[in-house]
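Presented below is the structure to which this report refers.
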Amino acid sequence: MLSYTDARQKVIEVAGSIPRPLLRAQVEIEQAFGRILAEPVLADRDYPPFDRSTRDGFAVRSADAQDPGAHLECVGELRAGGRFEAPVLPGQCVEIMTGAGVPQGADAVVMIEHTKREGRTITLERAAQKGDHIVLRGSEARTGTLLVAPKTRLGYAEMALAAQAGATRLDVFAAPRLAILSTGDEVVDARSKPGPLQVRNSNGISIEILASTAGAETVQLGNAPDEISALRAAIERGLEQDVLVLSGGVSMGKYDLVEQVLADLGAEFHFTGVSIRPGRPAVFGICRNKLVFGLPGNPVSTMVTFELFVLPAVDVLSGAIPRPLPIFRAKLATPVREKGPVTHFLPARIEWEGREARVTQLPWQGSGDIVALALANGFLIVAPDRPEIAPGEWVDVLPRRGAI
């Protein structure tokens, strides 16, 4: 049985081998957040486009400001967006605001906190060196410089940079379409009142949110009963999209029919189990040239396996480089003891004491316990070769998406 890292790498390899054209679309910049850039954004001019002051103070000639106590004549004021036409002459200075263009002749800015003023006379309390508190024209980027590269996921910084360069319509890759199908006779719509032995469909909403935040467009197929013909018809509808994600029906029970139906439809399986808990029965394959994931039906298992395996597939099909798992180290607050030669992902609470992260495993009732997961902001990862861990030891943790 594959480790979760090997299974994840297998997903990335297979997703990258799918002969699927990366379609493109043009979107307004306001709708581009989270999309994958298809065409580069280049600098339309030098940035900054002028020598820019980074402080409120006085623009001076550094030759006049070599010694504390120098006296200069203030000959004007310059605010951001304004102009000062005359050059700064020896013995002169110009009051300047943050973001304003440094006037001709000046080559340093003295912070206002380091000066005294009496009328037009400015006394410098500190010496100044050439270039102090000035960002030179083109020091951030020259005209034609690559600002945002293709295959970059557009976040707020990338979008601000594109806006600065006037790129307000962006060429992006079309988002992959992901079909969501839950299974099980016991599952009813979340808006329904369940019977005494039924459960509401929470997996449908969790997968939709996870898929949307990953950058996919979602198609909800509802729930299929544990009956071959109905399940087959629902799966065939799901195979019309780029990715099909099923929840439930992948364990070893008599009515776990997902693998059987997929096999009947010609699926090629790349794994039918992963050495993790929760999520061990996870299934991944290709059917009719579409990626198919069978995730375990217990809600915590569903969420963990989506994060581990479906997310990188969405990245690849979006035209992006797969994001690494954001695993980091934390100090264990309470002892941990687990069983079985598998990697455990345990609901946990991560907190910080100064710069040090500390993690506490939360009590939970197994992979159906959404209550515990909602209290957790991450997962404590327990490796198969280290099932017992003492307080104070360093461990791997995986933040829960959106909770940290």
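Side notes on the structure shown:
- Per this entry, residue 268 is not counted among residues that are out of contact with any Lys or Arg (no Cβ under 8 Å at 6 or more places or on another chain) and either in the same structural domain as residue 155 (by TED's automatic domain parsing) or farther than 30 Å from residue 340 by Cα (or both).
- Selection count, the range 49-73, where residues are surrounded by fewer than 17 Cβ atoms within 10 Å (Cβ to Cβ) and more than 27 Å from residue 138 (Cβ to Cβ): 6
- Residue match in the range 128-142 (condition: over 30 Å from residue 166 (Cβ atoms) and in contact with a Gly (Cβ under 8 Å, 6 or more places away or on another chain)): no
- Any hit, the range 274-285, residues being aromatic (Phe, Trp, Tyr), surrounded by 19 or more Cβ atoms within 10 Å (Cβ to Cβ) and not assigned by TED's automatic domain parsing to the domain that holds residue 386: yes
- Residues in the range 1-41 that are of a type in the set (Ser, Thr, Tyr) and either surrounded by 16 or more Cβ atoms within 10 Å (Cβ to Cβ) or in contact with a helix residue (DSSP H, G or I) (Cβ under 8 Å, 6 or more places away or on another chain) (or both): 4 alone.
- Residues located in the range 328-354, provided they are part of a strand (DSSP E or B) and among the polar types (S, T, N, Q): 343
- The sole residue among 85, 39, 77 that is at negative phi and not in a loop (DSSP other than H, G, I, E, B) is 77.
- Residue identified as surrounded by fewer than 18 Cβ atoms within 10 Å (Cβ to Cβ), among the hydrophobic types (A, V, I, L, M, F, W, C) and modelled with pLDDT of 95 or more among 112, 122: 112
Per-residue answers, yes or no, for (1) more than 26 Å from residue 242 (Cα to Cα); (2) at pLDDT below 95; (3) among the charged types (D, E, K, R):
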{"site": "10", "(1), (2), (3)": "no, no, yes"}
{"site": "19", "(1), (2), (3)": "no, yes, no"}
{"site": "25", "(1), (2), (3)": "no, yes, no"}
{"site": "29", "(1), (2), (3)": "no, no, no"}
{"site": "34", "(1), (2), (3)": "no, yes, no"}
{"site": "37", "(1), (2), (3)": "no, no, no"}
{"site": "43", "(1), (2), (3)": "yes, no, no"}
{"site": "47", "(1), (2), (3)": "yes, no, no"}
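- Boolean, residue 325 is of a type outside the set (S, T, N, Q), out of contact with any Gly (no Cβ under 9 Å at 6 or more places or on another chain) and not in a strand (DSSP E or B): yes
- Of all residues making up the range 142-171, the number that are crowded, with 19+ Cβ neighbours inside 10 Å, under 17 Å from the mean Cα position of the chain (by Cα) and assigned to a strand (DSSP E or B): 1
The values are calculated or read from the model by the stated rules, or taken from the named source; none is laboratory data. The shown structure was predicted, so the numbers you read here are calculated from the model rather than taken from an experiment. As a convention, Cβ positions derive from the backbone with ideal geometry for all residues, glycine included, and neighbour counts pool all protein chains shown.
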